[in-house]
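Novice: Quick one: this structure, given as structure tokens, is what I'll be asking you about.
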């Protein structure tokens, strides 16, 4: 699906965005990530995104959420933990290749640097997303790991240009 990028709004999420953003994350995980995971990993991811404590942390401002929206439809979502760690980043599978993930990373990078005063972001990249993060400038911190059935590569992005 091709989308007019100028009509996509990337913004901080409102409390009313939570359910739609989490549904997008789960649906996209099932379609693209779950095939790489054990049943334990899939179940642990499901528990994580459905954890009411996570929603309460978001509502209290301790877990930041950003969304990419087009004509009322959630096309992408990114959540931050500890002001600098990408906890979740998902783009609607029908919209891959439209620059939505890139727009979310750019928006959040600017937010982290300018609003939080932090010059690095981290992520535990899934095997499916590893190439995307490399394209965005993230570098591997360690080799692929597994914890609780979740497979990931720890990565980091410097938000300041080296002189």
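Derivation of every value follows stated rules applied to the coordinates shown; laboratory data play no part. Keep in mind that what you see is a predicted model, and the values were worked out from it rather than measured. Cβ atoms come from the backbone with ideal geometry, glycine included; neighbour counts cover every protein chain shown.
Novice: At 7 Å along Cα-to-Cβ for each site, give me the label-to-label distance between residue 102 and residue 146 in nm.
Specialist: 3.4
Novice: Run the numbers for residue 39 and residue 139: contour at 0.36 nm per residue of separation, minus the present Cα-Cα distance, in nm. Don't jump to the answer; show the numbers that get you there.
Specialist: Numbers: separation 100, 0.36 × 100 = 36.00 nm, distance 2.86 nm.
Value of the extension gain: 33.1 nm.
Novice: Within 10 Å, count the other beta carbons around each residue, average over each peptide in 106-116, 125-135, and list them highest first.
Specialist: Final packing ranking: 125-135, 106-116.
Novice: Kirkwood Rh over alpha-carbon pairs of the chain, then Stokes-Einstein at 10 °C and 1.306 mPa s: what D in µm² s⁻¹, rounded to an integer? Show your work: numbers first, answer last.
Specialist: Details: Rh = 16.1 Å.
This corresponds to a translational diffusion coefficient of 99 µm²/s.
Novice: Give me the extension gain from residue 60 to residue 161: residue separation times 0.36 nm, minus the current Cα-Cα distance, reported in nm with one decimal.
Specialist: My answer for the length gained is 33.1 nm.
Novice: Express as a percent, rounded to the nearest 5, the fraction of DSSP beta bridges in region 63-153 (both residues included) that run antiparallel.
Specialist: Numbers: 18 of 20 bridges.
Beta bridges within region 63-153, antiparallel portion: roughly 90 percent.
Novice: Something else: How much length, in nm to one decimal, is gained on full extension between residue 6 and residue 23, taken as 0.36 nm per residue of separation minus their Cα-Cα distance?
Specialist: On the way: separation 17, 0.36 × 17 = 6.12 nm, distance 2.44 nm.
Using 0.36 nm per residue and subtracting the Cα-Cα distance, I get 3.7 nm.
Novice: How high is the relative contact order of the chain, in percent, with contacts defined as C-alpha pairs under 8 Å that are six or more residues apart? Walk me through the intermediate numbers first.
Specialist: On the way: 259 pairs, mean separation 39.0, N = 163.
This gives 24 percent for the chain.
Novice: Extending each Cα 7 Å along its Cβ direction at residue 118 and residue 73, get the distance between those two points in nm, one decimal.
Specialist: Taking the simple label geometry, residue 118 and residue 73 are separated by 3.2 nm.
Novice: Going by how many other Cβ atoms sit within 10 Å of their own, how do 122, 28, 153 line up, fewest first? Intermediate results must be reported in sequence, preceding the final value.
Specialist: Values: 122 16, 28 23, 153 20.
So the residues, fewest neighbours to most, are 122, 153, 28.
Novice: What is the distance, in nm, between label points placed 7 Å from the Cα along the Cα-to-Cβ direction at residue 32 and at residue 51?
Specialist: 2.3
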